[in-house]
Amino acid sequence: MKFKSQKIAYYFFALSMLLLILQIVYGFIMGFAHMGYDVLHDFIPFNVAVTTHKNLLVVWLLSGFMGAAYYIIPDEADTELYSVPLALIQFVSFAIVGVVAVIGFHMHWWEGRKFLEIPRPLDWLVALNVILFLANILLTQIKGKKSSTTAWVLTMGLVFIALLYLPGMIYFENISVDSFLRWWVVHLWVEGVWELVMGGILSYLLIKLTGVDREVIEKWLYVIVGLTFLSGILGTGHHYYYTGGPNYWLMIGGIFSALEPVAFLGMTIFAVQMYRKGNKNHPNKLALFWTLSTAIVSFLGAGVLGLAHTLPAVNLYTHGTLVTAMHGHLAFWGAYASLVLAIISYSMPLMTGRKLFDTRNGNLAFWLSNIGMLCMTAAFGVAGVGQVYLERIVGLDFMVVAQELHVHFFVLILSATVFTVGILLYIIDFMKHGLPSEEALGTEESFEAVAG
Amino acid sequence: MLSKRQAKIFFLGGTIFFAVIFLALSVDSLLNGIPKNTNAHLLTEQVARGKYLWERNNCMGCHTIMGEGAYYAPELTRVYSRRGPDYIRTVLNFEGGWGPRGRKMVQYNFSDNEKEDIVAFFEWVNKMDLNGFPADPPLKQ
Ligand code: HEM
Ligand code: HEM
Ligand SMILES: [Fe+2]
């Protein structure tokens, strides 16, 4: 690493890893419940488990994004972070809010609004916390000697994540209006501004790992995020087909959301082309694997599996079934979970000075988690298609169908076990790196790809 | 070839253009489309209390409504016409948790008034025009 303040990222990454493990625990609880073993029903009913699972996901991803920003922005702006104590305060308060929210869910302190379950008083603390974070990042950029497109795309993504959180905090008596604005948060996050964060982090990684000229990479970055908004903003309409919105959304949402995969395909081509153009000498093979897998698997999960149910004629039958859960898992995994794992794999050796670049653990972690997740996706997919056929086409009762699906959740749990072994190995490697050390300052040149 | 500046203009121009269209359509949806499709004039205080209870208890953490929620328990958009109000009242506080087919619902402790609020909420949702969702199963005899 170049600046010692970059190591603040470590705390955020460590928090991410911890919350990821917890998220998986709740995934298993739900997997067993779906299989007919809802043994924790009296203590952790399904609605507690699902809320905890999804919110832990969002919190660990945001923690990963913040860590990434604390690592990348000083480097790109070529200066120390504006304030380390402020960053520490922000970290501690972020962790506290996260923990309070998770405990609160178990005491039914929540708002039953999918993905935005954090209760209002905590929302305000989240907002305050994010302001601290953004202030620190923006002031670093302003005082910096350099200003790069990569850094600004990443920063703008983070600023808009904060702004778009606000419409989700308004109370409406009409559940349809409530849902309409909830998608401004959820959809415009994952299919909008989070892609700015993704584009920014991927460009940074590609610049570092392939040595391709920054100007070339950043030009394509603009094109890709341009395609994202061109399709993704009006693509929000795919959530307005059947939730009380006027019927023009069927047409508009259908056309534009069907174009969204183009932006994800753009990411794939972008990353693979830069890899092929660049030199292949960078020793951190694991970081490269994760970077490329992010670009590829996001296209499968978000692009292909999104397209599979985004047309109104299909969505009429798949809307709100396990088909949606299939897509949700691979999309979040490919685009955002893998992204965080990529930046962690890249930055940990640089922060700690330990070159765990191509370890057996690390390679196994990569393959097992990806294969496990693909199998989980298949299990959800088979269950989902079965559900759609039996319940929505043949017209059997929901619970009659649910019993037929038990076996697919058994497959889900087997696949999830493979996935979890992969994640555990990843975390073991993470811990083997140890803590960031100032001895690692200024070592990055010794393992940077040289333009070639 | 495309220059970096042109790429930037494409990004900013496209984003602003589509954001403006989106905002305009959203305003129209919020002011005209949704109130009409959801019969906003029938949204009484009782219905609003029912919606509050729906949220307060995170019913969406197991069920879906308008196709949104979790996939552990049945879709409830049309539960009012499918099962009727008495069935709904019975399910809510059922001793030991409602679960005729093994999978159990949480046992609640709603007052009689609260039960009526929830029933009123479902009755209102039941009347929404959702562009054909949920569809009649094509193969159902
Ligand atoms: C990385 C990007 C993406 C992520 C993380 C993601 C994640 C999700 C999640 C979690 C849901 C469930 C939401 C809910 O019901 O509350 C969902 C729904 C949906 N997604 Fe995505 N998605 C992504 C990209 C896409 C793309 C590119 C498309 C279209 C091509 C798409 C199409 C859909 C559709 C149609 C639904 C609604 C499913 C339903 O009606 O139940 N998604 N997505
Ligand atoms: C051991 C691993 C995991 C298992 C067994 C698991 C299982 C489940 C189950 C059973 C559901 C509930 C579906 C329902 O509503 O009935 C769920 C929801 C969800 N999980 Fe996981 N999960 C795991 C890991 C993950 C990971 C790693 C991610 C993200 C990368 C993730 C993202 C989600 C999302 C976004 C939802 C909400 C989906 C929706 O409602 O459409 N899960 N998970
Ligand atoms: Fe979406």
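Brief remarks follow.
- Of note, A:LEU330 does not satisfy the criterion of being away from every other protein chain (no Cβ under 14 Å), more than 10 Å from ligand 2 (Cβ to nearest atom) and part of a helix (DSSP H, G or I).
- Just one residue in the set A:ILE72, A:ILE137, A:ILE44, A:ILE89 is part of a helix (DSSP H, G or I), among the aliphatic types (A, V, I, L, M), more than 22 Å from the chain's Cα centre (by Cα) and modelled with pLDDT of 95 or more; that residue is A:ILE89.
- Checking A:TRP60, A:TRP110 one by one, the residue that is crowded, with 22+ Cβ neighbours inside 10 Å and within 14 Å of chain B (Cβ to nearest Cβ) is A:TRP110 and no other.
- Hey, B:THR77 without any contact (Cβ under 8 Å) to a residue 40 or more places away in the chain and either touching a strand residue (DSSP E or B) at 6+ places or on another chain (Cβ under 9 Å) or not in a loop (DSSP other than H, G, I, E, B) (or both) or not: no
- Annotation note: of A:VAL388, A:VAL411, the sole residue that is buried (at least 20 other Cβ atoms within 10 Å of the Cβ), among the β-branched types (Val, Ile, Thr) and closer than 16 Å to A:ALA325 by Cα is A:VAL388.
- Within the stretch B:98-141, restricting attention to residues that are touching a Gly at 6+ places or on another chain (Cβ under 6 Å) and among the charged types (D, E, K, R), the residue that is farthest from the other protein chains (Cβ to nearest Cβ) is B:ASP117.
- Annotation note: of A:ALA308, A:ALA325, A:ALA271, the sole residue that is away from chain B (no Cβ under 12 Å) and either within 13 Å of ligand 3 (Cβ to nearest atom) or closer than 29 Å to A:GLY31 by Cα (or both) is A:ALA308.
- Flag if A:ASN370 is modelled with pLDDT of 95 or more, crowded, with 20+ Cβ neighbours inside 10 Å and touching a His at 6+ places or on another chain (Cβ under 6 Å): no
- Of all residues in the stretch B:90-141, those that are among the acidic types (Asp, Glu) and surrounded by 15 or more Cβ atoms within 10 Å (Cβ to Cβ) total 4.
- Residue that is farthest from the other protein chains (Cβ to nearest Cβ) [pool: residues in the stretch B:2-45 that are outside any helix (DSSP H, G or I) and at negative phi]: B:THR44
- When restricted to residues that are among the aromatic types (Phe, Trp, Tyr), more than 8 Å from ligand 1 (Cβ to nearest atom) and more than 23 Å from B:LEU130 (Cβ to Cβ), the stretch A:302-356 contains 2.
- The number of residues in the stretch A:159-218 that are more than 21 Å from the chain's Cα centre (by Cα), among the β-branched types (Val, Ile, Thr) and under 25 Å from A:PRO119 (Cβ atoms) comes to 3.
- So B:TYR87, is it of a type in the set (Ser, Thr, Tyr) and either outside any helix (DSSP H, G or I) or surrounded by 15 or more Cβ atoms within 10 Å (Cβ to Cβ) (or both): no
Each row is one residue, and each column tells you yes or no for (1) of a type in the set (Ser, Thr, Tyr); (2) at pLDDT below 95; (3) within 16 Å of ligand 1 (Cβ to nearest atom); (4) crowded, with 23+ Cβ neighbours inside 10 Å.
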residue	(1), (2), (3), (4)
A:VAL159	no, no, no, no
A:ILE175	no, no, yes, yes
A:TRP184	no, no, yes, no
A:VAL197	no, no, yes, yes
A:LEU206	no, no, no, yes
A:ILE224	no, no, yes, yes
A:GLY244	no, no, yes, yes
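- Residues satisfying the stated conditions in the stretch A:273-282, i.e. outside any helix (DSSP H, G or I) and surrounded by fewer than 15 Cβ atoms within 10 Å (Cβ to Cβ): A:ASN279, A:LYS280, A:ASN281
- For A:SER293, the stated conditions do not hold, so it cannot be described as modelled with pLDDT of 95 or more and crowded, with 24+ Cβ neighbours inside 10 Å.
- Selection status of B:ASN113, out of contact with any strand residue (DSSP E or B) (no Cβ under 8 Å at 6 or more places or on another chain), part of a loop (DSSP other than H, G, I, E, B) and of a type in the set (S, T, N, Q): no
- For first residues located in the stretch A:424-438 and over 20 Å from A:ILE24 (Cβ atoms), partners that are assigned to a helix (DSSP H, G or I) and of a type in the set (S, T, N, Q) and lie 6+ apart or on another chain with Cβ distances below 7 Å form the pairs A:HIS433/A:THR352; A:GLY434/A:THR352; A:LEU435/A:THR352; A:PRO436/A:THR352; A:SER437/A:THR352.
- Helices (runs of 4 or more DSSP H) contained entirely in the stretch A:166-250, each with at least 3 residues that are over 26 Å from B:GLN6 (Cβ atoms) and at the interface with chain B (Cβ under 9 Å from one of its Cβ atoms): A:175-188
- Flag for B:LYS51 being within 7 Å of chain A (Cβ to nearest Cβ) and assigned to a helix (DSSP H, G or I): yes
The values are calculated or read from the model by the stated rules, or taken from the named source; none is laboratory data. These figures come from a predicted structure and were not determined experimentally. Because the Cβ atoms are built from the backbone with ideal geometry, glycine has one as well, and the counts that use them run over all protein chains shown.
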